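What follows draws every value from the coordinates through simple rules; no lab data is involved. This structure is a prediction, so every number in the text was calculated from the model and none was measured. Ideal geometry is used to build each Cβ from the backbone, glycine not excepted, and the neighbour counts take in all protein chains shown.
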């Protein structure tokens, strides 16, 4: 059987000199098709000008082909597109993406593949061997690139244009009319880090930043939901109703947040028993309850271990 | 001659996919009660601007249903084609939406799903509720949801070859279908079809699983789609020979469908969890 990939020398991703353009006029963020207006298509153009020496060295006596590899579990694709030599030393590819055809997001990269007569020879001689793969990039079709547990949408915006008063901020949470987390695409390198970093120190950095954002977002959302729960409890009490009905007075997203966190905050209780405990805690002291929640959220998003990894990497150089 | 009256059904989609608990509750209600149960909630299925005609599919599964009111796995290949033909005009995006498959399984195809996965009885176990449930993961749409698994088997074969001739290679053997469609291999239509074609001939479970394991091992180094059809076939045959050396023996039967596991081969609980 062929040798697993760790034993094979492949080209550095930067050897491809990858260029990507997305023609999608209606969007603020070129790599994300999702919009409230339902933007329907985008033209993606990809070109590479590979370092000839690097790839010639790897392919030996075999020929070499450059392809665009498009993969997505949600869109059920793993498709290899041929690239064409658009000028000497440069290979190009373009494809129109239609919203009606896709779901979730698409992950793209350029791969250099060996071409030879024998498909079952050793990796040094066989056809179809991956000689190198560029950095991958995601095209969001209609969902946040970072999973958010279906609680909120994530959108990239240039804050200096959209939220001038918060132009130096990294993120901004809106809860009305729907839950949206805006990330500032004007922050140098942030978009690239949060959407493409998949390996090494950059991946650890990405996870730490998300943990930090998540902690703040969760606390804000839980705080808003429990404030409204507290109000609803007072209304229900004054009407002589069953206090549990207060949960039905909450907005859908608020109930989802509390249903997600209730069993974590009131750990070890059966079924919906957390609801009664939450009602008691909110009525007793809302501020004390929020301070407990802060500690639980911090533990749940593993913020200390995420940052620990970054610090250790930094120390190891 | 029997005729089938065309009946159009308005397509709906759950924008928020119901949990297994909600599915368990909903399965005890008729459609009107369900809509009432979900009304004024974001959990209610939303109407889409498409209609489908499931009358041929419904006639087909009822015809294949046995006297014991229990559909056998052998029905999958025919029903896969019937369902694909019924849905072929819908946008691909809708076919990737878990909310569509949950709606289709819970409402228009509820009787079929119960006949195929609960022996025609009420669903009582999580594994049976899971046949109505769906997520956007590879395995959920590919092989867990009772309706999506039928559609996608034919979609891959039809999309790759332009005909339904080889649908039985992909879904005719339940264990092979499950192994292939739980795997990322199923995202690559060319590789999936070639693998199914190779392994369904003289099918042996251990050999098939070993080949799929080997494909997983060499996947990071090999771009299968870059190989010609002939080269891909040479590679798969080579892997199969290696697996046969590891697991010597003979297939119980050659071709046909008698080596397929059936509902009656296993306990009900095991079957529903497949």
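With R₀ set to 45 Å, the beta-carbon distance separating residue B:107 from residue B:238 gives a calculated FRET efficiency near 0.45. Working from label points 7 Å from Cα in the Cα-to-Cβ sense, the residue A:115 to residue B:206 distance is 4.2 nm. Between residue B:10 and residue A:231, the modelled label-to-label distance comes to 3.5 nm, taking each label 7 Å out from Cα in the direction of the beta carbon.
Taking a ≥ b ≥ c as the square roots of the eigenvalues of the Cα gyration tensor of segment A:215-300, is the shape rounded (a/c under 1.5), prolate (a/b larger than b/c) or oblate? Judged from the Cα gyration tensor, segment A:215-300 comes out prolate (a/c at least 1.5, a/b above b/c).
Per-residue ellipticity at 222 nm, computed for chain B from helices alone with -39500 (n - 2.57) per DSSP H run of at least four residues, works out to -14500 deg cm²/dmol.
Across peptide A:117-127, the average count of Cβ atoms from other chains found within 10 Å of a residue's Cβ is 4.
Shielding by partners for peptide B:137-145, expressed as the average number of C-beta atoms from other protein chains within 10 Å of each residue's C-beta, is 1. Between residue B:229 and residue A:162, the simple spin-label model (points 7 angstrom out along Cα→Cβ) gives 4.8 nm. Residue ranges A:55-61, B:79-85 sort as B:79-85, A:55-61 when ordered by packing (mean number of other C-beta atoms within 10 Å per residue, highest first).
With a 10 Å cut-off around each Cβ of A:109-116, the average count of Cβ atoms from other chains is 2. Fully extending the segment from residue B:66 to residue B:35 would add 8.0 nm, taking 0.36 nm per residue of separation and subtracting the current Cα-Cα distance.
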